[in-house]
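One structure is given here, and the rest of the page talks about it.
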Amino acid sequence: MNKKIVILGAGESGAGSAVLAQKQGFDVFVSDMGLIKENYREILVKHGINWEEGNHNESVILSADEVIKSPGIHEDAPIIKKIREKGIPVISEIEFAGRYSKGTKICITGSNGKTTVTNLIYHILKKAGKNVAMTGNVGNSFAMAVAEGSYDYYVIELSSFQLDGMYEFKADIAILMNITPDHLDRYDHKFQNYIDSKFRVTQNQGKEEFLIYWEGDPIIKTELLRRKFEMKLMPFSDEINEGMAAYIENEELIIDYQNKTNIMTIHDFALKGRHNTYNSMAAAIAGKILNIRKEVIRESLADFQGVEHRLEPVITVCGINFINDSKATNVNSTWYAIECMENDIIWIVGGVDKGNDYSELFPVVKKKVKAIVCLGKDNKKIIEAFKDIVPTIVETSSMEEAVRSSYYLAKKGETVLLSPACASFDLFKNYEDRGRQFKQSVRNL
């Protein structure tokens, strides 16, 4: 009798897991409490996979040998509690697909920068002619890539929620960009729980594997001192070079692994700003570890097109620049966005607060932000935080209203920056929907 796999959630990860599980000979059942999107329903039907929507059939679910849970489902959901009580193992799509993937796995996490680094490494490997898939939190199912293609490399962006369901999975190259408070509403409002989740990217790594990390992150440095690791440590820094795998010297990017290599001047990076220097350094180290030629790494860092919704220039209207940074769903990400702006800013902020501490933003906001446009159902915390710092604060309840208000507040030469520092689920489907509505509203001005 075939082992029974139940998959909770029929989105990108759920549909991919279902296809892979069926291919591996499991008895598969997919259950989604909401309505399944048409494209995912078509995948399930095409493969003859049993599914349900708008309901959880407990008798079927609780008869599973193993459950694959969507990263969006909370641990305190009633069905998850019942599954745990029965002692049924609950894993993530990444854990499941990792059992069947043969290629090299490059896994990127961090509170900020992980999507850009994931895209950069994928760009480097594609330019080098490698057989590579980009998967995970970027929106492409790792399980589907494993099921449908025989890739030599998997570049996988990992959120903390995906990491939480991983146990035996092992990254060949782990990249930890930074750790700042985020998603604390999902971690009992305990920062250490979130830190532990992020460090799961290093689990099961041994002497043959690598950990690339930013030397300047105080949380990572503290955790590395108190934990025992066997993998090869590959730190990078823009300030110091002793013991670094990558550093900046005389505005040149130097990679020091196996031999010292001058890659390029930082002025030729396609992505500007200090945080993007870190992103470029992490990607370059990964390229060097994977024996990609220096010329390919240099070309890739110079011609990379950037990531949608991350400091994405939209258009200039009457001399006012509009920038879409909808992917900034936490305070630290927004700090980087504001910090790299050169002109006065009208800042569109707000959404679902994840336990934010806005005090980190006070100095940079005081220096660069001339007006705040709140976009969310509940803006009290934002108004309270900034009322003594920014003279003009207005509230809006739709993207169209927020863009119009920002346009009226801005002057020629200034920048309207959408960098919400919050999740998007109060008024939008996700941060992509928020970013696209912003761009459309700007074009409608």
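The values are calculated or read from the model by the stated rules, or taken from the named source; none is laboratory data. No experiment lies behind these values; they were computed from the predicted model shown. Every residue, glycine among them, receives a Cβ derived from its backbone with ideal geometry; neighbour counts consider all protein chains shown. With ligands, DNA and RNA removed, areas are computed over all heavy atoms of the protein, side chains included. Shrake-Rupley method; radii C 1.70, N 1.55, O 1.52, S 1.80 Å.
Against the conditions (1) part of a helix (DSSP H, G or I); (2) under 21 Å from the mean Cα position of the chain (by Cα); (3) among the charged types (D, E, K, R), R298 satisfies every one except (2).
Right, A97: within 17 Å of A18 (Cα to Cα), more than 30 Å from the chain's Cα centre (by Cα) and surrounded by 15 or more Cβ atoms within 10 Å (Cβ to Cβ) or not? Spell out how you get there, then give the answer.
On the way: within 17 Å of A18 (Cα to Cα): yes; more than 30 Å from the chain's Cα centre (by Cα): no; surrounded by 15 or more Cβ atoms within 10 Å (Cβ to Cβ): yes.
For A97, the condition - within 17 Å of A18 (Cα to Cα), more than 30 Å from the chain's Cα centre (by Cα) and surrounded by 15 or more Cβ atoms within 10 Å (Cβ to Cβ) - is not met.
For the range 267-294, the set of residues classified as in contact (Cβ under 8 Å) with a residue 60 or more places away in the chain, of a type outside the set (A, V, I, L, M, F, W, C) and farther than 13 Å from N119 by Cα consists of K272, G273, R274, H275, Y278, R293, listed by residue number. Restricting the range 134-144 to residues that are crowded, with 24+ Cβ neighbours inside 10 Å and of a type outside the set (F, W, Y) leaves a set whose member that is nearest to the chain's Cα centre (by Cα) is G136. Is the range 421-428 home to any residue that is charged (D, E, K, R) and farther than 17 Å from A328 by Cβ? No, the conditions are met nowhere in the range 421-428.
The set of residues in the range 145-164 that are part of a loop (DSSP other than H, G, I, E, B), surrounded by fewer than 22 Cβ atoms within 10 Å (Cβ to Cβ) and not acidic (D, E) comprises G149, S150, Y151, S159.
Looking at the range 301-311, is at least one residue in contact (Cβ under 8 Å) with a residue 24 or more places away in the chain, in a helix (DSSP H, G or I) and surrounded by fewer than 22 Cβ atoms within 10 Å (Cβ to Cβ)?
Let us first name the residues in the range 301-311 that are in contact (Cβ under 8 Å) with a residue 24 or more places away in the chain, namely 301-311.
Those left that are additionally in a helix (DSSP H, G or I): 301-303.
If we keep only those that are surrounded by fewer than 22 Cβ atoms within 10 Å (Cβ to Cβ) as well, we get 302-303.
Checked against the condition, which is being in contact (Cβ under 8 Å) with a residue 24 or more places away in the chain, in a helix (DSSP H, G or I) and surrounded by fewer than 22 Cβ atoms within 10 Å (Cβ to Cβ), the range 301-311 yields at least one hit.
If you take the residues of the range 54-74 that are within 20 Å of the chain's Cα centre (by Cα) and of a type outside the set (V, I, T), which of them is most open to solvent (accessible area, probe 1.4 Å)? Show your work before the answer.
Taking the range 54-74 first, the residues within 20 Å of the chain's Cα centre (by Cα) are 69-74.
Going one step further and asking which of them are of a type outside the set (V, I, T), we end up with 69-72, 74.
Details: K69: 28, S70: 27, P71: 35, G72: 53, H74: 79 Å².
Checking each candidate, the answer is H74.
Among the residues of the range 21-40, those identified as of a type in the set (D, E, K, R), surrounded by fewer than 21 Cβ atoms within 10 Å (Cβ to Cβ) and closer than 25 Å to R99 by Cα are K23, D27. Within the range 41-52, how many residues turn out to be under 16 Å from K69 (Cα atoms) and open to solvent by less than 60 Å² (accessible area, probe 1.4 Å)? Residues meeting the conditions: 1. Scanning the range 404-425 for residues that are open to solvent by 10 Å² or more (accessible area, probe 1.4 Å) and part of a helix (DSSP H, G or I) yields R404, S405, Y407, Y408, L409.
Look at F199 and say whether it is open to solvent by less than 60 Å² (accessible area, probe 1.4 Å) and either in contact (Cβ under 8 Å) with a residue 40 or more places away in the chain or over 30 Å from H74 (Cα atoms) (or both). Against the criterion (open to solvent by less than 60 Å² (accessible area, probe 1.4 Å) and either in contact (Cβ under 8 Å) with a residue 40 or more places away in the chain or over 30 Å from H74 (Cα atoms) (or both)), F199 does not qualify.
Each row is one residue, and each column tells you yes or no for (1) more than 20 Å from the chain's Cα centre (by Cα); (2) within 19 Å of G319 (Cα to Cα); (3) at pLDDT 95 or above.
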position: I346; (1), (2), (3): yes, yes, yes
position: K366; (1), (2), (3): yes, no, yes
position: V369; (1), (2), (3): yes, yes, yes
position: C374; (1), (2), (3): yes, no, yes
position: K380; (1), (2), (3): yes, no, no
position: A402; (1), (2), (3): yes, yes, yes
position: T415; (1), (2), (3): yes, yes, yes
position: L418; (1), (2), (3): no, yes, yes
position: F428; (1), (2), (3): no, no, no
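The set of residues in the range 326-344 being charged (D, E, K, R) and either at pLDDT below 95 or part of a helix (DSSP H, G or I) (or both) consists of K327, E339, E342. Answer yes or no: is there a residue in the range 226-242 that is closer than 24 Å to E299 by Cβ and either open to solvent by 50 Å² or more (accessible area, probe 1.4 Å) or touching a Ser or Thr at 6+ places or on another chain (Cβ under 8 Å) (or both). Looking through the range 226-242, at least one residue is closer than 24 Å to E299 by Cβ and either open to solvent by 50 Å² or more (accessible area, probe 1.4 Å) or touching a Ser or Thr at 6+ places or on another chain (Cβ under 8 Å) (or both).
Of the strands (runs of 3 or more DSSP E) lying entirely inside the range 38-110, those containing at least 2 residues that are free of Cβ contacts under 8 Å to residues at least 60 places away in the same chain and more than 30 Å from G216 (Cα to Cα) span 50-53. I'd like the residue in the range 315-357 that is of a type in the set (F, W, Y) and open to solvent by 10 Å² or more (accessible area, probe 1.4 Å) and, out of all such residues, is nearest to A421 (Cα to Cα). Once the filter is applied, the top-ranked residue is W335.
Every condition in (1) out of contact with any Asp or Glu (no Cβ under 9 Å at 6 or more places or on another chain); (2) farther than 29 Å from P313 by Cα is met by K272 except one, and the failing one is (2).
A quick yes/no check of all residues on (1) within 27 Å of N324 (Cα to Cα); (2) touching a helix residue (DSSP H, G or I) at 6+ places or on another chain (Cβ under 9 Å):
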| residue | (1), (2) |
| --- | --- |
| E209 | no, yes |
| K232 | no, yes |
| E251 | no, yes |
| T261 | no, yes |
| D268 | yes, yes |
| N279 | yes, yes |
| A283 | yes, yes |
| E295 | no, no |
| V307 | yes, yes |
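Residues in the range 367-403 that are within 12 Å of G350 (Cα to Cα) and acidic (D, E) were compared, and the one that is least open to solvent (accessible area, probe 1.4 Å) is D378.
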